[in-house]
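Asker: I'd like to ask some things about the structure below.
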Amino acid sequence: MNLMAYVDPVGIPTICYDHTDSVKLGQTRSKAECDRLLNEELGEAIHAVDRLVKVPMPDTRRAALGSFVYNAGAGAFARSTMLKKLNAGDVMGGCKELLKWVYAGGKKLKGLERRRTAEAKLCMQS
């Protein structure tokens, strides 16, 4: 968590727990503000997962997909092959799609590779 705004690896002003909406460099937030933003955005991400995934899933998969949506956005998830595969019952295929989402700004990022590997592992648990 960063209480002061910074530029992420692809040049986007970011603060707190990777919050990017309306962030300006030089801006600061308190830990309480960051925690509130995280709770709101995670709630929205989980709501999107619940709305878009049409098949039953364990809490581990829901958490993994919520993490993905928090990071990549509900629109990206809604249009993804990952969602199509999951809703078609191809759990392994859908979860493996997470491993393709490791690029930002056209660059392959180690941090995204680590994140997606962890999400895929969690997604595949039943």
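Asker: Pairs please, first residue from segment 77-99 and more than 18 Å from A118 (Cα to Cα), second anywhere and of a type in the set (D, E, K, R) and part of a helix (DSSP H, G or I), Cβ atoms under 6 Å, 6+ apart in sequence or on different chains.
Answerer: T81/E97
Asker: So, in segment 49-67, of the ones that are in a helix (DSSP H, G or I) and free of Cβ contacts under 8 Å to residues at least 24 places away in the same chain, which residue ends up farthest from A78 (Cα to Cα)?
Answerer: Taking segment 49-67 as the starting set, the residues that turn out to be in a helix (DSSP H, G or I) are 49-52, 59-67.
Restricting the remaining residues to those that are free of Cβ contacts under 8 Å to residues at least 24 places away in the same chain gives 50-51, 59, 62.
Values: D50: 11, R51: 10, D59: 19, R62: 15 Å.
Once the filter is applied, the top-ranked residue is D59.
Asker: Please specify each residue of segment 37-50 satisfying the condition of being surrounded by 12 or more Cβ atoms within 10 Å (Cβ to Cβ) and either modelled with pLDDT under 95 or out of contact with any strand residue (DSSP E or B) (no Cβ under 9 Å at 6 or more places or on another chain) (or both).
Answerer: Of the residues in segment 37-50, the ones surrounded by 12 or more Cβ atoms within 10 Å (Cβ to Cβ) are 37-38, 41-50.
Listed by number, the residues that qualify are L42, G43, E44, A45, I46, H47, A48, V49, D50.
Asker: State which residue is farthest from the chain's Cα centre (by Cα) when the search covers only segment 102-126 and only residues that are surrounded by fewer than 17 Cβ atoms within 10 Å (Cβ to Cβ) and not in a helix (DSSP H, G or I).
Answerer: S126
Asker: Within segment 82-101, identify whether any single residue is modelled with pLDDT under 95, surrounded by fewer than 12 Cβ atoms within 10 Å (Cβ to Cβ) and either among the small types (G, A, S) or under 20 Å from E44 (Cα atoms) (or both), and answer yes or no.
Answerer: no
Asker: Now a separate question. Filter segment 1-31 down to the residues that are assigned to a loop (DSSP other than H, G, I, E, B), touching a residue at least 12 places away in the same chain (Cβ under 8 Å) and surrounded by fewer than 11 Cβ atoms within 10 Å (Cβ to Cβ) and list them by number. Spell out the reasoning first.
Answerer: Within segment 1-31, the subset assigned to a loop (DSSP other than H, G, I, E, B) is 1, 8-12, 17-18, 20-27, 29-30.
Narrowing the set further to residues that are touching a residue at least 12 places away in the same chain (Cβ under 8 Å) leaves 1, 8-11, 17-18, 20, 23-27, 29-30.
Of everything in segment 1-31, those that are assigned to a loop (DSSP other than H, G, I, E, B), touching a residue at least 12 places away in the same chain (Cβ under 8 Å) and surrounded by fewer than 11 Cβ atoms within 10 Å (Cβ to Cβ) turn out to be G11, K24, G26, S30.
Asker: Would you confirm whether any residue within segment 88-100 is touching a Pro at 6+ places or on another chain (Cβ under 9 Å), in a helix (DSSP H, G or I) and closer than 24 Å to Y17 by Cβ?
Answerer: no
Asker: Does segment 68-78 contain at least one residue that is surrounded by fewer than 19 Cβ atoms within 10 Å (Cβ to Cβ), farther than 27 Å from D21 by Cβ and of a type in the set (A, V, I, L, M, F, W, C)?
Answerer: no
Asker: For R36, are the conditions met, namely being in contact with a helix residue (DSSP H, G or I) (Cβ under 7 Å, 6 or more places away or on another chain) and charged (D, E, K, R)? Before you say what the answer is, go through the steps one by one.
Answerer: Numbers: in contact with a helix residue (DSSP H, G or I) (Cβ under 7 Å, 6 or more places away or on another chain): no; charged (D, E, K, R): yes.
Answer is no for this residue.
The values are calculated or read from the model by the stated rules, or taken from the named source; none is laboratory data. It should be emphasised that the depicted structure is a prediction, and the values quoted were computed from it without experimental measurement. Heads up, the Cβs are rebuilt from the backbone with ideal geometry, glycines too, and the neighbour counts pull from every protein chain shown.
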